[in-house]
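Read the figures in this text as sums done on the coordinates, not as results from a lab. Keep in mind that what you see is a predicted model, and the values were worked out from it rather than measured. So basically every Cβ, Gly included, is an ideal-geometry build from the backbone, and we count neighbours across all protein chains shown.
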Amino acid sequence: MLSKLLKYDLKYMIKNMSIFYILAFFFAITTRILFSLDDTIIVIIISQISVGCMFAMLANILINTMMRSWIRFRDSIYKDESYLTHTLPVTKNDIYNSKFIQTLIFFILGFIIIVACLFITYYTKDRWLLVKEFVSNITTGLDMNTWFFVLGMLLVVFLEIFNAIQCGFLGMIIGHRRNNGKIGYSVLFGFIAYLVSQSIVLLLIFVFGFFNSGIMALFRNEPLMDTSALRVLIILSSILYIIMITIMSIVCKKVLSKGVNVE
């Protein structure tokens, strides 16, 4: 039954997100074509409009993945559609897991499309060499593998944003247990959950600093940073966010299993 729930959730997201994916690729291609033309005034103006639209679509992919995930969560659990959802022979865990997996899939897809569109727009051999040299200079100074640095930073950003989305889920679950002002309380509790989760991650990193002088140096006003500390920080932050996301998922399912007040 989880697979059937997930199928409907994925259809909903594809229906609402496909326009942004198509437009992002469209403006990436048009920008690439315009950049290859002679630099006349009209071409420069149109190319800047095109690249602006492309970046707007990329931003919309991230923002709408978050917003649509929250809307889908609310509509299928608390709004009119919830009357059908809650009559199905599924557990609250299955309902939540479907929303969790759907969000994860489209969040990963969004990241892939953003990278692909940037590649289409800007890739040339010379630019690629410049980017590699720029990143290599940073990682050489930090005494760190280039791929580890790039993928590690992307992973941390990905997990942090995904954690924020799940905080929104928890906020809605708690907020919709109120009799009035459910949307307002959902936003409030979601924001509180985000602040608490971020504070816990930061606190645990600080505690780890007692056992690692390089990490502790990040909390002090020291001019030089131990380059190995950044490597440890990336790994530690990733692990802590994965743990936090797992724990919050468990909390969400426990609170959801206590009952739902359908509007």
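In table form, for the structure just shown:
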| item | result |
| --- | --- |
| Computed lengthening from Ile42 to Leu10, 0.36 nm per intervening residue step minus Cα-Cα distance | 7.4 nm |
| Most positive-pole-ward Cα, Phe219, Pro89, Thr121, against dipole of the chain from beta carbon charges | Pro89 |
| Footprinting exposure proxy for Trp70, Trp128 (fewest neighbouring C-beta atoms within 10 Å first) | Trp128, Trp70 |
| Rotationally averaged projected area of region 12-123 (alpha carbon convex hull; nm²) | 7.5 |
| Taking Asp9, Asp94, Asp75 and counting other C-beta atoms within 10 Å, the order from fewest to most | Asp75, Asp94, Asp9 |
| Sorted by Cβ density within 10 Å, fewest first, the residues Val207, Val232, Val196 | Val207, Val196, Val232 |
| Nearest-20 debye value, the chain charge dipole, Cβ charges on Lys, Arg, Asp, Glu | 1060 |
| Cα shape, the chain, gyration tensor, a/c 1.5 rule | oblate |
| Separation of alpha-carbon centers, region 82-102 and region 152-170, rounded to whole Å | 22 |
| Gain on full stretching of the segment that runs from Phe134 to Phe119 - 0.36 nm per residue minus C-alpha separation | 3.7 nm |
| Listed residues Leu130, Ser186, Thr246: farthest to the positive end of the dipole of region 130-263 (Cβ charges) | Ser186 |
